[in-house]
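Structure first, then comments.
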Amino acid sequence: MIDRQPVTVNFVATRTSFDCKQPRRSLLHRRAEIFSLRVGLCLLSLLCLFFSGCGGDPKPEVVVYTALDREFSEPLLEEYKTSSGTMVLAKYDVESTKTVGLVEALIAEKARPRCDLFWNNEILNTIRLQKLGLLAAVKSPHGEDFPAAMRDPNGEWYGFAARLRIIVVNTKLLQEAEYPRSILELRDPKWRGRAGIAKPLFGTTATHIAVLFSEWGDARATEFLRAVIANQTQVLGGNKQVALAVAGGQLAWGLTDTDDALSQIEAGMPVAIVYPDQAQDGLGVMAIPNTLAILKDCPHPEQARALREYLLTPKIETALANGPSGQVPLHPAATASKRLRPLSELRLQAVDWNKAADAWPAAMKVIREVIVE
């Protein structure tokens, strides 16, 4: 028989075996470190996403400077952004400086270009940039379908979607038989104080005057300008202002662009379009295209080429023709608006754009002397 005696165990309480405070502090410390590490990783992930460094490849982008009125160009650029997935960062002109302001910005940025594609609403300032060596020679597959006179042979610029320089008349003030038929009538005494032009320091009016200097020479063109001003022709802030003044009856007629005249016609105002100088020996009506040019050493050359190809399609010219701006298509496959006479029915003025660009400085000097001062 086993004698079961109670067993007494004497424990020696030592500081090492029973002091649990130190292990608890270490565990809490480790948990805090793990929590801090997790928070740090989360913040780092958020920063990576914010700066597009860890969230996949950033979206491609293209920077466009455009002189075409924002209301006409922005919808097309937004459509391209949606269809291509490319971010389109656009800088638009302002009414007070029109194309000249953007051109001066491009010249100022030439050492470090910011703009990829310049969408000009005329042509001479584009050629000015070309002569300064700021444009890239990149041929366009779509651009080769445009008339030779409306594109650079090396691909430095392409013209599309033109506007016509026309006469807008007030149909309440003038009978059709009284309509002026030539821009030369701006100096006719019978229209003294009753006609208007836009200030020819920028935009299509400046282009028009520079072309006259290139075709007539400085002496004849200067004489014409002086006669126009001596006839008290009203010089207004822009082509739109000319169309508004004619529509409102402040002027009997004025020289403007098709888009500004169309806006007044479609608003129900009493105005009509006259295509000037259509006689056999006449100057012809001037067609001034929009132009597209890729900047040399631009930040996003591939995206610039892709957007240029998109804008040079018949689809875009047709949209511009049938939209509120009423641009005149130059691509043979584009559909023209029925609101304007087809180019095939008009006597067009033949223009050497390079020669006109060379005449620009002399024209601007005379304009400032005769009109501004």
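Annotations for the structure displayed:
- Difference of contour (0.36 nm per residue) and Cα-Cα distance, residue 104 to residue 335: 79.7 nm
- The distance between label points at residue 309 and residue 131 comes to 3.3 nm (points 7 Å beyond Cα on the Cα→Cβ vector).
- Region 142-194 and region 61-77 have Cα centres lying 24 Å from one another.
- The average projected area of region 130-219, computed from the convex hull of its Cα atoms over all directions, is 9.0 nm².
- Hydrodynamic radius of region 236-332 per Kirkwood, over alpha carbon pairs, in Å: 16.0 Å
- Look at the dipole of region 66-177 built from charges on Cβ: of 130, 92, 148, the Cα furthest out on the positive end belongs to 130.
- Along its three principal directions, the equivalent ellipsoid of region 296-373 from the Cα gyration tensor extends over semi-axes of 30, 24, 13 Å, largest first.
- Directionally averaged projected area (convex hull, Cα atoms, region 165-296), nm²: 9.2 nm²
- Values of log10 I(q)/I(0) for region 153-200 across q = 0.14, 0.21, 0.29 Å⁻¹ run -0.52, -0.84, -1.31, by the Debye formula with one identical scatterer at each alpha carbon and no solvent.
- On the principal axes of its alpha carbon atoms, region 134-176 extends 50, 24, 13 Å, with the longest extent given first.
- Think of each Lys and Arg Cβ as +1 and each Asp and Glu Cβ as -1; about the Cα centre, that makes the dipole of region 299-373 roughly 280 debye.
- The magnitude of the dipole of region 55-200, with charges of +1 and -1 set on the Cβ of Lys/Arg and Asp/Glu and taken from the Cα centre, is near 680 debye.
- Translational diffusion coefficient (Stokes-Einstein; Kirkwood radius from C-alpha pairs) of region 317-360 at 37 °C, 0.692 mPa s, in µm²/s: 272 µm²/s
- In region 294-368, taking the dipole from charged Cβ atoms about the Cα centre, the farthest positive-side position among 319, 340, 359 is held by 340.
Coordinate-derived values only; no laboratory data. Computed from a predicted model, the values in this text were never measured in an experiment. Please note: Cβ atoms are built from the backbone with ideal geometry, for glycine as well, and neighbour counts cover all protein chains shown.
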